[in-house]
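I have placed the structure first, in the form of structure tokens, so that the comments after it can refer back to it.
Throughout, read-outs are computed from the coordinates displayed, never taken from laboratory work. Just so it is clear, the model here is predicted, and its values are computed rather than measured. Using ideal geometry, Cβ is built from the backbone for each residue, glycine included, and neighbour counts are taken over all protein chains shown.
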Amino acid sequence: MNAADLPEDFEEFWRETVAEASSVPLNYHRSLGNDFDLPGFEVQTLVFKGMGGRTLNGWIAYPPGARRLPSFVWVPPYGRESKLPDEYGTREGFTSLSFNFHGEAAFHQEKYVTARGYFAEGAEDPESWIFRRMFQDAIIATRVLQAQVETDEDRIGAMGMSQGAGMSIWLGAWCPIVKAVCADMTFLANLWQQLTGTVYRYPLKELSDFMEELPVGEARVRNTVSYYDTVSQAGFCNVPTQVSMGLKDPASRPENVRRVFEALPGRKRLITYDWGHDWHPDMIGNNRQWLIENLP
């Protein structure tokens with residue numbers, strides 16, 4: 001999407017969105033013990049208040065005795081399950097934090113089914129689409145991470161896979177706390193162009209189905225997604241950003257991920273994996289090295 005195609009109030013919309021999330025008083029508490037067995041890390045659960053006073057659950061992982069380490073918030077992929085603090089959600093020498101967008105427990109596991117999808121929730125209007133509130137909760141989570149003694153408040157990145165990759169780029173664009181981004185197999189990109197064709201795959205088909213059922217659905221959904229498309233967001237992400245794409249990825253197709261990468265105006269790197277829409281073991285080292293280089 002070109003700058004001329006953006007809604008006239010695009011920047012105002014996102015600055016107001018961020019201002020709301022930034023004004024929420026921090027209200028959190030952590031557990032006292034080690035709640036997940038991960039060699040080389042202490043993992044504690046935490047509870048914090050998100051937008052509208054909603055209770056959100058997450059975890060923080062850090063090397064024993066850590067103080068003021070480079071850190072990152074790990075934004076989960078699409079679905080209602082939590083990202084576990086495994087080798088993909090943590091990195092050697094870093095503090096990391098992740099949380100469940102939907103109020104489920106910190107380590108909640110749940111396979112995706114369409115009946116539990118949320119892609120279309122509130123999509124009739126940009127102000128009500130669920131991704132606005134989710135993004136605001138991600139900002140609050142980043143602020144919670146910044147407040148921890150294990151975190152260097154000036155060296156914080158954002159990292160994610162699929163949905164989380166797109167929202168990590170949004171954080172890089174609008175959240176001044178975030179200084180670097182790793183975005184693997186970026187979803188939420190080139191949305192309208194995908195919706196104008198035949199949509200076969202869920203969860204995107206949730207939005208396509210909703211558009212068909214909603215009065216004047218095509219125009220209303222098109223207006224909504226024009227504010228959120230990660231290609232548009234990338235144009236405002238000036239922090240160092242590493243993007244990866246899977247050459248065999250049917251969900252975050254290579255041409256859509258490449259458009260995101262090309263829109264980034266700052267320091268950037270594109271990695272290709274001969275892979276589908278799934279974790280690749282090289283993400284562990286590649287992402288760690290990018291954050292080391294760009295959170296000095």
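Using Cα springs under 10 Å in a Gaussian network model of the chain, which residue among Gly197, Gly246, Gly164 shows the largest mean-square fluctuation?
Fluctuation is largest for Gly197.
For Lys205, go through the lysines and keep the ones whose alpha-carbon is under 20 Å away, minus same-chain ones fewer than eight residues off.
Lys111, Lys248
Of Met245, Met283, how do they rank once you tally other Cβ atoms within 10 Å and put the fewest first? Please report the intermediate quantities before stating the final value.
On the way: Met245 26, Met283 21.
The order, fewest Cβ neighbours first, is Met283, Met245.
Go through the stretch 150-164 residue by residue and turn each phi into a ³J(HN,Hα) via Karplus (6.51, -1.76, 1.60, θ = phi - 60°); whole Hz please, and just put x for glycine and proline.
7, 10, 7, 5, 9, 10, 10, x, 10, 9, x, 10, 6, 3, x
Taking H as built 1.01 Å from N, whose amide H comes closer than 5 Å to the amide H of Lys268, not counting residues under 5 places away?
Amide H neighbours of Lys268, under 5 Å, 5+ apart: Thr241.
For Ile284 and Asp9, what is the calculated FRET efficiency with R₀ set at 25 Å and r taken between the beta-carbons, to the nearest 0.05? Could you put the intermediate results ahead of the total?
Numbers: r = 40 Å, r/R0 = 1.60.
The formula returns an efficiency of 0.05 here.
Using the Karplus curve 6.51 cos²θ - 1.76 cosθ + 1.60 with θ = phi - 60°, work out ³J(HN,Hα) for each residue of the stretch 96-104 in order, rounded to whole Hz, and write x for Gly and Pro.
Taking θ as phi minus 60°, the curve returns 9, 9, 9, 8, 9, 5, 10, x, 6 Hz for the stretch 96-104.
Could you put Thr95, Thr114, Thr198 in order, starting from the residue whose Cβ has the fewest other Cβ atoms within 10 Å? Write down the numbers at each step before the final one.
Working: Thr95 27, Thr114 11, Thr198 8.
Fewest-to-most Cβ neighbours within 10 Å comes out as Thr198, Thr114, Thr95.
When only Cα pairs under 8 Å and 6 or more residues apart are kept, what is the percent relative contact order across the stretch 3-294?
Working: 616 pairs, mean separation 46.8, N = 292.
Reported relative contact order: 16 percent.
Applying a 10 Å radius around every beta-carbon, put 34-46, 219-231 in order of their mean neighbour count, most first.
Numbers: 34-46: 16.1, 219-231: 20.4.
Highest to lowest by the protection proxy: 219-231, 34-46.
With label points built 7 Å along Cα→Cβ from the Cα atoms of Gln193 and Ile130, find their separation and express it in nm.
Those two pseudo-labels are separated by 2.6 nm.
By how many nm would the segment from Glu212 to Lys111 lengthen if fully extended, with 0.36 nm per residue of separation less the alpha-carbon distance? If you can, show how the numbers build up before the last one.
Numbers: separation 101, 0.36 × 101 = 36.36 nm, distance 2.61 nm.
The Glu212-Lys111 span can extend by a further 33.8 nm.
Which lysines have a Cα less than 26 Å from the Cα of Lys179, not counting those fewer than 8 places away in the same chain?
Reachable lysines: Lys49, Lys83, Lys268.
If we count other beta carbons within 10 Å of each Cβ, what is the order of Glu110, Glu104, Glu8, fewest first?
Glu8, Glu110, Glu104
Show me, for the stretch 206-221, the HN-Hα J-couplings you get by feeding each phi into the Karplus relation (A = 6.51, B = -1.76, C = 1.60, θ = phi - 60°), rounded to Hz, glycine and proline as x.
These are the phi-based 3J(HN,Hα) values: 4, 6, 4, 4, 4, 4, 6, 8, 7, x, 6, x, 4, 5, 5, 5 Hz.
With angles folded into 0 to 90 degrees, how steeply does helix 130-146 sit against the dominant principal axis of the chain? Use alpha carbons for both and round to 10.
Computed tilt is about 20 degrees.
So what is the calculated 222 nm ellipticity per residue for the chain, using -39500 (n - 2.57) for each DSSP H run with n of 4 or more, over all residues, to the nearest 500 deg cm²/dmol?
The helix-only estimate for the chain comes to -10000 deg cm²/dmol at 222 nm.
Taking springs between alpha-carbon atoms closer than 10 angstrom, which of Thr186, Thr151, Thr241 fluctuates most in the Gaussian network model of the chain?
Ranking Thr186, Thr151, Thr241 by mean-square fluctuation puts Thr151 first.
Taking 8 Å as the Cα distance limit and 6 or more residues as the minimum spacing, I'd like the relative contact order of the stretch 1-141 as a percentage.
22
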